[in-house]
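This report refers to the structure that appears directly beneath it.
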Amino acid sequence: MAWNSSVVMQMGRFLLLVILFLPREMTSSVLTVNGKTENYILDTTPGSQVSLICAVQNHTREEELLWYREEGRVDLKSGNKINSSSVCVSSISENDNGISFTCRLGRDPSVSISVALNVIFPPLLSGNNFQTVEEGSNVKLVCSVKANPQAQMMWYKNSSLLDLEKSHHQIQQTSESFQLSITKVEKSDNGTYSCTAKSSLQTESLDFHLIVKALHEG
């Protein structure tokens with residue numbers, strides 16, 4: 001009986017090991033998106049369309065896949081969820097730059113792969129093109145800019161690079177704007193100011209017309 005008990009105990013340990021390792025075997029599935037096994041950046045351009053195909057590798061059973069756009073769940077048709085799933089991103093715009101799409105294993109969200117969109121486009125400039133101010137007041141010309149890759153920004157006045165006066169001009173740049181502040185405006189500040197953005201794709205300019213009136217001028 002002792003020998004039989006030993007055999008039973010060994011068999012029990014074997015079965016226990018099988019049970020312990022089985023879940024690990026099941027979670028060894030790997031996801032790919034467009035054939036890639038790691039997170040990656042996808043270069044694209046405005047107006048284009050991209051297809052992202054997520055597939056399960058090394059699966060031993062039917063696997064449900066989930067897609068997310070940033071943190072929001074993407075609605076998928078019933079036939080587009082098992083073992084392989086695709087999403088189509090159409091009418092891509094400049095605002096989609098940096099947006100990520102993530103494919104996750106339904107039963108184990110920790111198994112996932114993400115694709116970030118890198119939308120490449122030349123500088124886009126906008127702003128209030130005409131401003132009228134009185135002498136002695138302060139004015140700010142705000143040039144809104146979007147560009148990928150990032151653009152080098154400069155201010156011109158009447159087609160010449162603006163000669164910045166320390167106590168009179170101030171430039172402030174953020175990721176979305178390029179601002180010129182003029183303190184105590186003078187008649188000599190009257191003119192056309194150009195916000196110029198130069199990227200590796202192309203150079204764009206936007207004119208700002210500043211009209212300076214004499215104090216109390218009608």
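The values are calculated or read from the model by the stated rules, or taken from the named source; none is laboratory data. Small disclaimer: the values here were computed from a predicted structure and weren't measured. Don't worry about glycine lacking a Cβ; one is built from the backbone with ideal geometry, like all the others, and counts go over all protein chains shown. For the accessible areas, the whole protein counts, side chains as well, though only heavy atoms, and no ligand, DNA or RNA atoms are used. Shrake-Rupley method; radii C 1.70, N 1.55, O 1.52, S 1.80 Å.
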Across (1) touching a Lys or Arg at 6+ places or on another chain (Cβ under 9 Å); (2) open to solvent by 40 Å² or more (accessible area, probe 1.4 Å), R104 clears everything bar (1)
Taking region 180-190 and keeping only residues that are outside any loop (DSSP other than H, G, I, E, B) and surrounded by 14 or more Cβ atoms within 10 Å (Cβ to Cβ), one is left with L180, S181, I182, D189
Is it the case that region 161-174 has a residue that's in contact (Cβ under 8 Å) with a residue 40 or more places away in the chain, within 28 Å of F121 (Cα to Cα) and within 35 Å of the chain's Cα centre (by Cα)? no
Scanning region 42-52 residue by residue, those outside any loop (DSSP other than H, G, I, E, B) and surrounded by 12 or more Cβ atoms within 10 Å (Cβ to Cβ) turn out to be L42, T44, V50, L52
With respect to R73, determine if the residue is surrounded by 14 or more Cβ atoms within 10 Å (Cβ to Cβ) and touching a Phe, Trp or Tyr at 6+ places or on another chain (Cβ under 9 Å). no
From the option list V115, V145, single residue qualifying as touching a Phe, Trp or Tyr at 6+ places or on another chain (Cβ under 7 Å), among the β-branched types (V, I, T), in a strand (DSSP E or B) and under 17 Å from I171 (Cα atoms) is V145
Selection from region 118-142 of residues more than 30 Å from T44 (Cα to Cα) and assigned to a loop (DSSP other than H, G, I, E, B) yields N128, N129, E135, G136, S137, N138
Here the qualifying pairs (Cβ atoms under 6 Å; residues six or more apart or on different chains; first in region 31-53 and under 16 Å from N97 (Cβ atoms); second part of a strand (DSSP E or B) and of a type in the set (F, W, Y)) come out as P46/F121
Inspect all residues belonging to region 200-213 and state whether any of them is outside any strand (DSSP E or B), crowded, with 16+ Cβ neighbours inside 10 Å and not assigned by the TED database to the domain that holds S100. no
